[in-house]
Amino acid sequence: QVQLVESGGGLVQTGASLRLSCVASGRFFNNYALTWFHQAPGKEREFVSGMHWNGGSRYTDSVKGRFTISRDNIQKSVYLQMNSLKVEDAGVYYCAARTGIATNITLDYPYWGQGTQVTVSS
């Protein structure tokens, strides 16, 4: 069983940066893929970025070059550095975990955090 707690959201202006954090509890953290999903108001939850158990990563096209995912296996944490934020980046960001490889499919993930709100004003 894995529990995830996100933090780091907030209200920023376009072009600003935020760093989201997700802390996990439970065993075998090193075996898990950790992924960030984004849900804008009235829309479905969408894949943003994921990091495989072995440190490989993937990003959705709209955030490439702006967002960076990283993990700290000792701290059992995953981070999302978000730069050059846009209005369309606003919404709730969720951290999710599954064993092995990060996928972009929400149903693949048995473990979810409660989400952290990001608001971007123009």
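The values are calculated or read from the model by the stated rules, or taken from the named source; none is laboratory data. The shown structure was predicted, so the numbers you read here are calculated from the model rather than taken from an experiment. Every residue, glycine among them, receives a Cβ derived from its backbone with ideal geometry; neighbour counts consider all protein chains shown. What goes into the accessible areas is simple: the full protein's heavy atoms, side chains included, and nothing from ligands, DNA or RNA. Shrake-Rupley method; radii C 1.70, N 1.55, O 1.52, S 1.80 Å.
Observations on the structure shown:
- Output for region 1-22, where each listed residue is of a type in the set (D, E, K, R) and out of contact with any Cys (no Cβ under 7 Å at 6 or more places or on another chain): ARG19
- Any chance ARG58 is out of contact with any Lys or Arg (no Cβ under 7 Å at 6 or more places or on another chain), of a type in the set (D, E, K, R) and either open to solvent by less than 70 Å² (accessible area, probe 1.4 Å) or under 17 Å from LEU4 (Cα atoms) (or both): no
- Some residue of region 3-16 being touching a residue at least 60 places away in the same chain (Cβ under 8 Å), open to solvent by 30 Å² or more (accessible area, probe 1.4 Å) and among the hydroxyl-bearing types (Ser, Thr, Tyr): yes
- Qualifying residue in region 102-122 (condition: under 21 Å from SER21 (Cβ atoms) and among the charged types (D, E, K, R)): no
- Qualifying strands (runs of 3 or more DSSP E) (wholly inside region 1-102; at least 3 residues being within 21 Å of GLN117 (Cβ to Cβ) and within 13 Å of the chain's Cα centre (by Cα)): 3-7, 18-25, 32-39, 46-51, 67-72, 77-82, 91-99
- All of SER70, SER77 fail the test of being among the small types (Gly, Ala, Ser) and touching a residue at least 24 places away in the same chain (Cβ under 8 Å), apart from SER77.
- Test: residue in region 22-44 that is of a type in the set (Ser, Thr, Tyr), over 21 Å from TYR109 (Cα atoms) and surrounded by fewer than 16 Cβ atoms within 10 Å (Cβ to Cβ): no
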